[in-house]
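Here the structure is laid out as structure tokens; the discussion comes afterwards.
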Amino acid sequence: MKIAVAGKGGAGKTTISGTLARALARAGHDVMAIDADVNPMLGISLGLGMDDTERLAGIRQELSGSRADDVIHEHTIEGLIERFGEDAPDGVRVVVASRVDMPDHGCLCCGVSADRLLREMEAGGRTVLGDLEAGIGVLTRMETGSLDVVLVVANPTPKSIEVARRAVEAAAAREIPVLVVANRITGDADLEAIRSVLGDCDMAVVPEDPVIARADAEGIAPIDLDERSPGVRAILEISDRLTAVPA
Amino acid sequence: MTPAATPLPKPPLWPVDMPLEPRPRGPLWIGVAGKGGAGKSVLSGTLARELGRRGHTVLAIDSDPMPGLAHSLGIPEPAEPLLMQAAEKPDKGPWRLRSGIGPMTVVRRYTTPAPDGVRMLQLGKAGKDGLAPVNGSVNAFLDTVRRMHEAPALYEWAIVGDLPAGPRQLGAGFTPYARAYVVVVEPTSQSAMTGRRVARLARGPLGADVIFAASKISSREERDRVERLLGEKVDVEIPADQAVRDAEARRVAVIDAAPQSPVVRAVQQLADIIEQRGMESS
């Protein structure tokens with residue numbers, strides 16, 4: 001199964017991706033988490049901490065290393081994932097596609113991009129979970145059938161809902177099933193705000209949760225801080241829901 | 001005081017990287033960067049309006065393919081980017097800025113007016129087919145920002161560029177005009193890590209100054225946390241302010257809806273810093 005997580009910046013994509021990856025792994029899935037954001041931070045919500053997350057190498061940058069003796073000979077997507085994958089808790093493997101925070105960050109459009117990794121890698125028996133960059137760019141570069149489901153994360157704010165609407169539209173144009181994740185919900189009015197724009201779509205609700213806020217403040221995984229908090233429990237339910245459907 | 005314009009190679013096709021060597025830049029040419037949701041657009045829109053009220057002629061640049069800046073400036077989102085009209089598609093080769101049009105013409109003719117004498121330049125918005133339908137606008141945009149230093153009159157302007165989330169556009173040469181970046185950071189680990197990365201790019205290959213704005217701060221502890229997670233001193237503190245949420249829900253600019261609100265006063269402090277450092281730089 002291949003899952004991607006999209007939405008406006010700050011909507012909670014990374015927090016939901018990391019927690020969901022851990023939940024799927026605990027449920028016995030072989031999880032490959034792809035950090036498809038050029039500002040990669042999935043490591044934090046997977047439980048690696050800020051320092052180790054900062055140390056994860058981006059595949060693109062490693063491949064475009066300028067010194068001849070640095071050239072890495074890997075010709076297959078599987079080989080790259082094998083070489084650059086790192087271990088995260090609960091047996092999750094994580095790989096960073098590309099990072100744009102180095103003086104020499106390589107070309108943004110050449111070589112192995114997050115788009116290409118997600119499009120071309122075969123799920124096989126694994127559960128592949130891609131945490132996308134803010135906005136809908138990566139989604140608009142996917143092909144029909146290259147993903148099994150997109151989780152579109154929406155906060156109850158006008159801008160976040162508008163980005164979610166565009167993401168849902170982009171997924172529909174590619175015949176990719178969508179599950180809207182209404183995040184940071186404090187009441188019915190929030191849900192109504194989202195439904196009034198997105199209409200009658202499949203939706204999961206993650207409540208506003210001080211545990212998740214504290215985890216983000218401290219740079220730890222919400223699932224490690226308190227797996228029984230309402231927000232984390234709601235994400236565990238998304239894991240159940242996704243795996244109840246045959247991949 | 002106006003730096004001499006230097007000849008430029010032909011701009012590369014989007015989205016190929018451009019060389020990162022710094023170019024001549026105006027003293028008040030600013031980029032606003034940070035993590036998604038940190039408050040970049042609200043801060044950018046309010047800052048542009050505030051600088052306009054102080055008597056500067058202001059160009060507000062919206063390079064986010066997702067909606068954002070227009071509402072914070074107090075204008076409706078334009079239906080299609082005006083820059084499409086300034087773009088041409090030659091028989092061979094990609095879309096480009098029409099020949100004979102320079103950055104100053106773009107700023108005069110292909111920008112949207114906002115209150116307080118601000119003009120808004122837009123990259124174009126992505127729909128379900130991404131940016132492809134507005135490729136003409138995107139390429140004309142890049143031609144414009146990469147030639148900004150060729151227009152002597154623009155050195156007298158203030159520029160406020162509202163960037164999309166993360167470091168992508170800094171790394172890909174979308175902001176060659178920025179002499180300084182306002183790096184917007186919320187009191188969270190993800191926001192601080194983004195702030196560190198953006199600041200590293202800005203000070204390093206982009207050769208720019210950095211101003212740290214702690215955003216959505218509601219206690220001394222939160223401000224301290226931003227400084228601890230960043231490993232940097234915060235230059236200005238933008239408080240968490242209900243006025244921002246109210247204005248956003250009503251789709252109006254916070255500077256119009258609540259001109260005395262704490263967030264607007266904080267942006268005034270930021271404008272002081274920008275003016276002061278701009279004077280020191282020139």
Cα centroid separation - region B:229-282 against region B:164-193, whole Å: 16
Averaged over B:197-209, number of beta-carbon atoms from partner chains that fall within 10 Å: 2
Shielding by partners, peptide B:178-189 (average Cβ within 10 angstrom, other chains): 2
Other protein chain Cβ atoms within 10 Å, averaged over every residue that makes up B:159-168: 4
Pairs from B:125/B:233; B:35/B:128; B:92/B:125; A:13/B:125; A:13/B:216; B:40/B:233 whose Cα-Cα separation, in the structure shown, is over 29 Å: B:125/B:233
3J(HN,Hα) from dihedral phi, region A:177-187, Karplus parametrisation 6.51/-1.76/1.60, rounded to Hz, x for glycine, proline: x, 10, 10, 7, 10, 7, 10, 6, 8, 10, x
Formal net charge of residues neighbouring residue A:93 (Cβ-Cβ distance under 13 Å; K, R +1; D, E -1): -4
Nearest 10 degrees, 0 to 90: helix B:135-146 Cα axis against chain B principal axis: 70
Peptides B:246-252, A:6-12, B:163-169 ordered by average Cβ neighbours within 10 Å, highest first: A:6-12, B:163-169, B:246-252
Burial ranking of peptide ranges B:139-148, B:195-204, B:256-265 (average Cβ count within 10 Å, highest at the top): B:139-148, B:195-204, B:256-265
Inter-centroid distance (Cα atoms) of region A:1-32 relative to region A:177-247, Å: 11
Normalised contact order of chain B, rounded percent, pairs of Cα under 8 Å and 6 or more residues apart: 27
Relative packing of peptides A:196-205, A:14-23 - highest average C-beta neighbours within 10 Å first: A:14-23, A:196-205
Cα gyration tensor shape of region B:25-168, rounded if a/c is under 1.5, else prolate or oblate by comparing a/b with b/c: oblate
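Coordinate-derived values only; no laboratory data. In this text, all values refer to a predicted model and were calculated from it rather than measured experimentally. No Cβ is skipped: glycine too gets one built from the backbone with ideal geometry, and neighbour counts run over all protein chains shown.
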